[in-house]
Structure formats: structure tokens, C-alpha cells
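Note sheet for the following structure.
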Amino acid sequence: MDDHFFSCSADQYIALWKSRSLAQQSLAIKLENAVYACTYIPDYHYLIAGLSNGDFHVIDTEGKKELRHIQHHHQGIYDFAFDRSDHQLIVAGGDGQLSVWSLPDFKLIRSIPLCQEKIRQITISSDQSMLAIACGDGKVRVTDLIFFNEIGTMDAHENGATAVAWHPNKPVLVTGGKDAFLKCWNVNDQFKPVLGFPAHQFAIYSIVFDETGQFCFTGSRDKTIKIWDAMSFSPLQRIGPGTDGHTHSVNKLLWLNNHLISCGDDRKINIYEQV
């Protein structure tokens, strides 16, 4: 939705918000467990909700009804990615499994065991050719989107990788982990490391870019959001606890309509109009 976004929470609710005003809209959905992840697929008007118990729900936002309740994973669902080229939903499970589902029929295409720990985040490259996967064993794995064969595996972050993002202007994959390091990997040279530095005090949970690729934003368990020059990764600004920031862990960032949106364990959603 161009000027709206969904939020999900441990209170078992998904809510719809208008991005510029943060006005809550009429659509609100209560589920049976804490909601760890959600995504909206405009091609089908599907809202997908991943729960703490490993189930996920498919909701038709136009018809305002549930279409599917899928029980496959054994631990919480942490992220989704939609492969628009092949109409596939990719699901990141807390059981270390990556599952792939065809749309619109939601038939299971494959279930891939990757690690014993959580898969925390997944993201598809802009050319729809690669999937980057942040795994709890500390590795970041990159697969193709046809057979899901691994084409790169990096020992990226001590104690667990937690965030991944493709740089919009450079052949670089950016990752963050529980070690609080931000790292860059060369896509064109077998994912060799090109940069790595301690960016926060605790785990990095989210990495996003603005649409121009000028700025990179990171959110962390240390309660801060940091803004970086996306070309040099020089620090530009820090948003910490207080009036403008969060008082608890920053769990998710979203860049939408020239605004940065953040949410955290303080149960707040913040919007920043200028950076």
C-alpha cells in the first residue's frame, strides 16, 4: 500500500496505519498468538502473518477474510520475502527451516533445513536473482531463487546474524549481527568482505536504505537508530532514547514515502520526516 503500512506485535494484533500521519485505520486483526512478522503482497491483496508458534495466516484484505492457516514450521516465523518473478512466498522459520510456497494456491514447493538456530531475516536482490539469509549460527547464506542452491556462505557474525540488506547502488550485501558489527560483502567477488566495524553496542536488528541509496539506517537492541552515509558508511546522525527515539530495543525500520518509520519493544511507532 503506497501510503500505508502494517504493524504486528506480541499483543496478537496486526494494525494498519497511514504513513504520514500515523493515523490508525479501520483494519485491525487479532490472532491467537504473538505476531512476529507480517508482509503485504499487493499482487494478490494478501496480508501474511507469521506467529510465535510457527504458524502463518493468509488474509484477503479486499474480502476481509482468512484464506489459509498454514502449520508447517515448529518455531516462530521471523520474516517473509515475496519472489515476484516466480510468484513464490519464502518463509524464514525459527526452526532453522526455509520454506517456499507457490502463490496463489500456497502449495509447499520445498522446505530447506539451513541451521539449528533461528533464521532471523531474508531479503531478495533487486534483480530478483538472489536471496540473502541471516542465520542464527552466525552465517549469512546467499542462494539463487530457482533451485535455492547456496552461491555464497559467509561466517559473518559471532553468536548470530540478525539483519541483511542489498545496497541499492553498489554490488554489496550489508549485514548486521548480535556482535553489533555492520559488514559489507562484495557481490561480484565471491562475497569477500570489504568493510566491517562495530556500529552499535548491541545486536543490529534492522538495516534499510532510502530510495536514492544516499543513506543507510540501522536499528539496534541498544535502543538507537543510526544514519550512515551509504557510500562511505561514515556516521551522520544518532537517534537515541528520549523524546525523538525509543526507550527500548529498536526492532524494525521501514523507509516509506521519504519517511523513516521505526518500531521497538517500547510498543511505540515513530516516524521521522527529515534525516
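List of remarks:
- Potential extension, residue 25-residue 258 segment - 0.36 nm per residue separation minus Cα distance: 81.8 nm
- Footprinting exposure proxy ranking of 130, 231, fewest other C-beta atoms within 10 angstrom first, gives 231, 130.
- Cα extents of the chain along the three principal axes, largest first (Å): 47, 44, 30
- Counting only the Cα atoms, the range 1-160 fills a convex hull of 122 Å³ per residue.
- The range 91-164: relative contact order as a whole-number percent, Cα under 8 Å and 6+ apart: 23
- Around residue 264: net Lys/Arg minus Asp/Glu count, Cβ-Cβ under 10 Å: +3
- Sorting 6, 202, 217 from the fewest to the most surrounding beta carbons within 10 angstrom yields 202, 6, 217.
- Approximate spin-label separation residue 266-residue 236, in nm, with each point projected 7 Å along Cα-to-Cβ: 2.3
- Directionally averaged projected area (the range 87-213, Cα convex hull): 7.7 nm².
- Extended-chain gain in nm, criterion 0.36 nm per residue less alpha-carbon gap, residue 4 and residue 83: 26.3 nm
- Of the three principal axes defined by the Cα atoms of the range 16-85, the extents in descending order read 37, 30, 21 Å.
- Long-range HN-HN contacts of residue 79 with modeled amide H, under 5 Å: 92
- Hull volume in cubic angstrom per residue (convex hull over the Cα atoms of the range 143-275): 117
- With R₀ fixed at 25 Å, the C-beta to C-beta distance from residue 62 to residue 13 puts the FRET efficiency at about 0.80.
- Charge context of residue 138, other residues only, Cβ under 14 angstrom, K/R +1, D/E -1: +1
- Residues in the range 34-62 that a label on residue 248 would reach, taking backbone N under 17 Å of a point 7 Å out along Cα→Cβ: 34-37, 52
- Calculated on the alpha-carbon coordinates, the convex hull of the range 32-122 measures out at 83 cubic angstrom per residue.
Only the coordinates and a few stated rules stand behind these numbers; no lab work does. As the structure is a computational prediction, the values presented were derived from the model and not from experiment. Positions of Cβ are generated from backbone atoms using ideal geometry, with glycine treated the same way; all protein chains shown enter the neighbour counts.
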